[in-house]
Protein chains: 2
Amino acid sequence: MTKKKIAVGIDIGGTNTVFGFVDRDGNILGEDRLRTNHYDEVEVFIAALYEKIMVISHKITEPVELIGFGIGAPMGNINKGTIEHAAGLPWKGIIPLAEIFKRHTPLPVMVTNDANAAAVGEMIYGGARGMKNFVVITLGTGLGSGFVIDGKLVYGHDGFAGELGHTAIRPGPSNRDCGCGRKGCLETYVSATGLKRSLLKIMADSIQPSELRKYSFDELDAELIHEAAKRGDPLARRAFEHTGRMLGFKLADVVAHTNPEAIFLFGGLALAKDLIFEPAKEFMEENLLSIYRDKVKLLPSELSTQNAAVLGSSSLIWSLEES
Amino acid sequence: MTKKKIAVGIDIGGTNTVFGFVDRDGNILGEDRLRTNHYDEVEVFIAALYEKIMVISHKITEPVELIGFGIGAPMGNINKGTIEHAAGLPWKGIIPLAEIFKRHTPLPVMVTNDANAAAVGEMIYGGARGMKNFVVITLGTGLGSGFVIDGKLVYGHDGFAGELGHTAIRPGPSNRDCGCGRKGCLETYVSATGLKRSLLKIMADSIQPSELRKYSFDELDAELIHEAAKRGDPLARRAFEHTGRMLGFKLADVVAHTNPEAIFLFGGLALAKDLIFEPAKEFMEENLLSIYRDKVKLLPSELSTQNAAVLGSSSLIWSLEES
């Protein structure tokens with residue numbers, strides 16, 4: 001009897017690390033999690049993670065063949081298998097993650113960042129199946145991006161291609177501080193946090209009433225603003241429109257760089273559908289050279305938000321298998 | 001006796017078309033030109049061009065083997081072998097250039113735009129030999145760009161990747177009209193014409209004396225401004241600085257998209273050396289996320305400006321041969 005091939009997808013976050021066993025069709029055969037921030041030593045963390053993965057593997061009843069481990073982590077470098085100066089993780093400096101993991105297994109281990117994993121996941125399991133040239137933009141607390149050109153994830157010379165979140169919205173002085181230490185980065189406008197910041201500015205300038213005026217900055221989140229916008233709150237709608245326009249402006253640059261077939265939006269903000277897609281599409285088209293106009297699809301990701309991180313990480317192994 | 005392989009490089013411009021026979025080392029064994037704008041019919045033009053190429057080929061004394069024809073032309077589409085709505089050429093609409101050319105020869109015929117040809121030329125004959133990830137920016141009347149990722153020219157889904165000249169410098173209203181019908185495109189700032197436009201604005205705002213105040217807009221060109229800047233003319237120097245900064249700002253975006261090893265500047269403005277490289281480098285670094293800083297080389301093209309168009313076009317055939 002032939003065994004079913006499965007890849008392990010691991011997503012390392014600042015608080016939790018989740019993993020799952022994934023088959024080629026994106027079915028998850030087993031999954032679990034552990035607390036990232038309980039481990040001061042990365043070697044101890046990896047040992048505990050590997051053990052937990054093995055425990056779950058023994059609970060899978062059908063006959064399977066494990067083919068590798070794909071890991072998504074902040075500042076994951078696909079060229080070197082490292083994570084480098086990831087602000088949100090307990091381990092500082094440059095961590096040779098793949099190397100440490102390989103002490104436990106002879107199978108392939110691949111490391112990349114969440115956005116690159118999402119891009120490969122979209123190609124293997126999602127809406128980009130069959131596409132050769134596309135881009136995935138992940139909209140969470142920040143903004144990430146992964147580029148696929150000619151069927152392959154773009155690594156770049158140093159393994160850090162696709163940091164669109166940290167391109168500046170305009171030259172010269174900008175007001176919004178970015179977590180990266182600079183000002184005016186795209187993710188200070190286009191992200192859950194960026195949406196909230198835009199709402200506050202609009203609220204400050206406007207005298208229109210809004211149900212959101214009763215919330216503090218700390219209380220506000222993208223979901224509250226989304227709910228208010230759905231009920232027609234004018235300030236919430238304007239915050240979404242501004243966010244969408246800033247996104248669309250930079251998506252036009254993405255098109256001029258790599259001329260993709262489609263751009264996928266993934267993550268919390270993308271769930272706001274037309275509220276974000278309409279202004280983004282409109283402003284992207286407005287900023288495109290005529291040869292590109294009405295050609296590039298702007299689409300929601302087809303990966304379910306719930307499992308996307310594990311799916312994306314596992315897809316690295318499938319793409320290795322099929323390249 | 002083994003014959004030496006040679007590729008024909010053809011550069012179609014609005015006024016003249018130049019071509020040359022080029023060996024793998026970039027030596028030109030024979031060349032000639034004809035007037036593009038004497039031909040209303042593209043078929044007649046191609047027939048005349050092919051005949052002229054054959055005339056020159058018979059004058060080459062050493063034994064050679066012709067391996068193909070590379071053509072650089074405005075709006076050349078490498079996916080389809082067409083030129084599409086090229087404003088500067090006598091033939092309108094979508095012209096199936098490769099198809100028409102192939103009526104005369106069974107050898108490979110490749111078509112692309114000047115900037116893509118310059119990028120492949122840099123890889124085959126120039127400073128990018130051995131590099132896998134780099135970008136070439138061509139600075140002439142306008143601004144073009146060609147991207148190489150993983151050793152291959154980026155075509156894009158529609159064959160039009162790399163139109164950086166038509167990315168906007170900022171969101172929202174901008175003053176400078178672009179020939180493409182929009183406003184605020186990068187090439188309205190960063191090009192020979194952009195430099196002249198910036199000089200005029202600086203001249204209008206400043207009361208400093210300048211030797212350039214005696215020239216009309218029509219009389220001014222990049223060379224005059226370059227000469228004045230070399231002599232220390234303060235307005236000319238400020239015009240170069242502004243041009244370099246706008247370029248550097250967008251080069252930071254290029255890095256965030258594709259994380260190249262190097263960016264090459266090619267064409268007239270690049271000859272101004274430090275006048276353009278210094279502000280471009282400074283503003284690029286200022287706009288880079290820390291993971292990219294002090295890593296990306298900003299270099300002058302190593303293709304001689306005189307033969308670059310023919311070299312670039314011919315290199316398409318060598319890259320085909322070696323892929």
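Values computed for the structure shown
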quantity	calculated
Share of Cα-Cα pairs in segment A:4-113 lying beyond 25 Å, as whole percent	16
Set A:K295/B:K281; B:K5/B:K52; A:K102/B:K295 screened for pairs whose C-alpha atoms are more than 24 Å apart	A:K295/B:K281; A:K102/B:K295
Inter-chain Cβ neighbour average for residues A:248-255, partner chain, 10 Å	4
At 1.306 mPa s and 10 °C, Stokes D of segment B:26-173 from Kirkwood alpha-carbon radius, µm² per second	94
Alpha-carbon spread of segment A:59-99, three principal axes, descending order, Å	40, 21, 13
Inverse of mean 1/r across different Cα pairs in segment A:134-300, Kirkwood, Å	16.3
DSSP-defined antiparallel bridges as percent of all bridges, chain A, nearest 5	55
Choice from A:E122, A:E65, A:E278 with maximal GNM fluctuation in chain A (Cα, 10 Å cutoff)	A:E65
Max mean-square fluctuation residue, GNM over chain B, Cα-Cα springs under 10 Å, options B:F101, B:F217, B:F21	B:F217
Share, in percent, of DSSP beta bridges within segment A:134-300 that are antiparallel, nearest 5	55
Candidates B:S145, B:S313, B:S304: whichever shows maximal mean-square fluctuation once chain B is modelled as a Gaussian network with Cα springs under 10 Å	B:S304
Cα-Cα pairs of chain B separated by more than 36 Å (percent)	21
Along each principal axis, Cα extent of segment A:215-299, largest first, Å	45, 21, 19
Cα pair count fraction exceeding 34 Å, expressed as % - the protein assembly as shown	49
DSSP beta bridges in the protein assembly as shown [antiparallel fraction, %, rounded to 5]	55
Listed peptides A:6-18, B:66-78 by packing density, highest first (mean Cβ within 10 Å)	B:66-78, A:6-18
Inverse of mean 1/r across different Cα pairs in segment A:116-203, Kirkwood, Å	14.1
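Bear in mind that the values in this text are calculations on the coordinates, not laboratory data. Note that the structure is a prediction, hence the values are computed from the model and not measured. Note that each Cβ is placed from the backbone with ideal geometry, even for glycine, and that neighbours are counted across all protein chains shown.
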